[in-house]
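Report on the following structure.
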Amino acid sequence: MTPLEKVEALYRELVVSYHEGEKREIRAASKLLMVALLHMKEHGGFGWQGLVEEYVIMLKNDPERFHAMLDSNRGETKRNGQAIH
């Protein structure tokens, strides 16, 4: 299991932990985002905000590219010999 697959599994686990609560998917994603942003700030150096902005802009303007990047990190395309960078 790749690191991204582990994060996706944790996300699913968090969603389930909210039972039938309102907006459980958003709440779970928000928790992961808060932790990620904190660690990016602590360990990312001067340009950590630029990386966050790049991802947001890519997701907004080129969602296919963003999904391809996720897939390449998820391991699906790696297993098929089609890694996308």
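Quick note: the coordinates plus some simple rules give every number you see, no bench work behind them. Everything numeric here is computed off the predicted structure, so don't read it as measured data. Reconstructed Cβ throughout: ideal geometry from the backbone, glycine too, with neighbour counts over all protein chains shown.
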Mind sorting out which of (i) 3, 11, 12, 10, 7, 6, 6, 8, 12, 10, 7, 5, 3, 1, 0; (ii) 2, 13, 22, 21, 15, 11, 7, 5, 3, 1, 0; (iii) 3, 13, 16, 20, 24, 16, 7, 2, 0 is the real P(r) over Cα pairs in 5 Å bins from 0, in percent computed from the coordinates?
(iii)
So, relative contact order of the chain in percent, Cα under 8 Å, 6 or more apart, is 31 percent
Estimated inter-spin distance, K60 and A9, nm [label 7 Å along Cα→Cβ]:
3.4 nm
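For a quick check: sort K31, K41 by the number of other beta carbons within 10 angstrom, fewest at the front.
Values: K31 15, K41 12.
Ordered from fewest to most neighbouring Cβ atoms within 10 Å, K31, K41 come out as K41, K31.
Scan the chain and report its longest stretch carrying no GluC sites (Glu not before Pro) that are both in a DSSP loop and have at most 13 other Cβ atoms within 10 Å.
On the way: sites that count: E20, E22.
In the chain, the maximal stretch lacking such sites is 23-85.
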Hey, what do the phi angles of segment 16-33 turn into as Karplus ³J(HN,Hα) couplings, whole Hz, using 6.51/-1.76/1.60 and θ = phi - 60°, x for Gly and Pro?
4, 5, 7, 6, 9, x, 5, 6, 5, 5, 5, 4, 5, 5, 4, 4, 5, 5
Taking K and R as +1 and D and E as -1, what net charge do the other residues with C-beta under 14 Å from the C-beta of V16 add up to?
0
Ranking of Y55, Y18 by count of other Cβ atoms within 10 Å, fewest first
Y55, Y18
